[in-house]
Amino acid sequence: MLKALVDWYMGALSTGGYPLVGLLMAMESSIIPLPSEVVIPPAAHLAYQQKTMSLAGIVAAGTIGSWIGASVMYWAARWAGRPLLLRYGRYVLIPPEKVFGAERWARRFGSMGVFVARLLPVVRHLIGLPAGVVRMDYAKYSLYTVLGSCIWCAVLCWVGVAAGQDQQLMAGQLHRVSLWLGGAVLVLGGMYYFLVHRHMKADPADPSPD
């Protein structure tokens, strides 16, 4: 099933190219639960194997798409405001707990948190919420978003090329797939716990988010 999914995406990339990468990364940077880890690496593999796209082009498309999605989150939060977001956010997969956690994380790391957030799972698509609510300077928000997204897309491109050279993985052999997935889960899980989860948890000394 995994191989069939990869084959479908590879076929879509052959015709969709950079716009498809940008569109999916825009979705990933909004409220849609589409991991960037399944968007950029396959595109990088295709570029490395068939030369139909360039790695630089994929990084650029992914970065632009991420900025568009992140901008949508920022302006939605800025225009809607915190009360409306807390009241209705749950209907678009943003419960109050996520809003509170993102605010605590942003409060701890400040404006540089936007840059760091683009390199971390979970919080990367949430950071636009507190940034919009507190009306962070949009030019600064965009700059940090673009820089962080560019680095993240470049890293994922490297992963795609490295994985593409693993013939057993590309053949869909279960044990090899398990090794790659297990390694990815450990790395991303560790990053999330040490750099995100601990800082998004409520501190007993914090004032009530209400």
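In summary, SER29 fulfils each of the numbered conditions (1) surrounded by fewer than 23 Cβ atoms within 10 Å (Cβ to Cβ); (2) more than 22 Å from ALA162 (Cβ to Cβ) with the single exception of condition (1). Taking the criterion of being assigned to a helix (DSSP H, G or I) and within 12 Å of the chain's Cα centre (by Cα), the residues of segment 38-58 that qualify are VAL38, ILE40. Restricting VAL92, VAL72 to those that are surrounded by fewer than 19 Cβ atoms within 10 Å (Cβ to Cβ), within 24 Å of SER149 (Cβ to Cβ) and modelled with pLDDT under 80 reduces the list to VAL92. Within segment 15-37, the set of residues being at pLDDT below 80 and either in a helix (DSSP H, G or I) or at positive phi (or both) comprises GLU37 only. Selection of helices (runs of 4 or more DSSP H) fully inside segment 96-170 by the criterion of at least 2 residues being within 18 Å of SER36 (Cα to Cα) and either touching a helix residue (DSSP H, G or I) at 6+ places or on another chain (Cβ under 7 Å) or modelled with pLDDT of 70 or more (or both) returns 112-117, 138-164.
Residue-by-condition table, conditions (1) farther than 16 Å from ARG124 by Cα; (2) surrounded by 16 or more Cβ atoms within 10 Å (Cβ to Cβ):
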{"position": "ASP7", "(1), (2)": "yes, no"}
{"position": "GLY11", "(1), (2)": "yes, no"}
{"position": "SER14", "(1), (2)": "yes, no"}
{"position": "LEU24", "(1), (2)": "no, yes"}
{"position": "VAL38", "(1), (2)": "no, no"}
{"position": "ALA43", "(1), (2)": "yes, yes"}
{"position": "ALA61", "(1), (2)": "yes, yes"}
{"position": "GLY81", "(1), (2)": "yes, no"}
{"position": "LEU84", "(1), (2)": "yes, no"}
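The values are calculated or read from the model by the stated rules, or taken from the named source; none is laboratory data. Here the structure is a predicted model, which means the values were calculated and not measured. For neighbour counting, all protein chains shown are included, and Cβ atoms are generated from backbone atoms with ideal geometry for every residue, glycine included.
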